[in-house]
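Here the structure is laid out as structure tokens; the discussion comes afterwards.
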Amino acid sequence: MKIVAFGGSNSKESINKQLATYAASQFKNAEVEVIDLNDYELPLFGVDIEKTLGKPKLAQDFLDKMKSADLLVVSMAENNRNYSAAFKNITDWASRITEKIFAEKPMLLMTTSTGARGGASVLEISEKYFPRFGAKILKTFSLPSFEQNFKDGKITNDDLNNKLLQLIKEIQNEHI
């Protein structure tokens, strides 16, 4: 099974990329590829820019990564209670090539933040938005208070870690 994982942020120290990496590594017998949104940086989408650039190769490359996966592990960053501009921009470009950005792939959808709500707003938005663009959301997970609950590449709060591990087990038993 091939997992493509990423955090929905362009931060070099993205806490969501850290969470996605950790979660993906917990799947048994999986090949994991972690991608970085910085590798898909494009000008801010606009129809006038699209007329000049056409369909950028980086947008197609992003779509190809989604298609290559058997499972997507995505952790969304929350910026002002919504997606990060970096995530929105690559999906805007990719959606001009195909509406099914997530290629009808099963997905573990997550979020984390430094706050106690753990990115709840962006998780709610993503749960509504992603299926329209070809995501088959199997499970969701929110990690609150990242700095208190995640250290040295793993979740340190036993209850939260066990919850995530149970979700992963259910995905593997029921869907993979």
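Rule-based calculations on the coordinates, nothing more; no lab input. What you see is a predicted model; the values in this text were computed from it and never measured. Note that each Cβ is placed from the backbone with ideal geometry, even for glycine, and that neighbours are counted across all protein chains shown.
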message: Quick test for you: out of K51, K17, pick the one residue that is over 13 Å from M110 (Cα atoms), in a helix (DSSP H, G or I) and basic (K, R).
response: K51
- line: Filtering the stretch 103-133 down to residues that are in contact with a helix residue (DSSP H, G or I) (Cβ under 7 Å, 6 or more places away or on another chain), among the β-branched types (V, I, T) and closer than 22 Å to L71 by Cβ yields T111, T112
message: Consider the stretch 101-138. How many of its residues are within 17 Å of L164 (Cα to Cα), among the aliphatic types (A, V, I, L, M) and touching a Phe, Trp or Tyr at 6+ places or on another chain (Cβ under 8 Å)?
response: 5
- line: When (1) assigned to a loop (DSSP other than H, G, I, E, B); (2) within 14 Å of the chain's Cα centre (by Cα) are applied to E99, the one that fails is (2)
- line: Scanning the stretch 78-100 for residues that are aromatic (F, W, Y) and within 16 Å of F6 (Cα to Cα) gives Y83, F87
- prompt: How many residues, within the stretch 56-81, are farther than 23 Å from T114 by Cα and in contact (Cβ under 8 Å) with a residue 40 or more places away in the chain?
  reply: 8
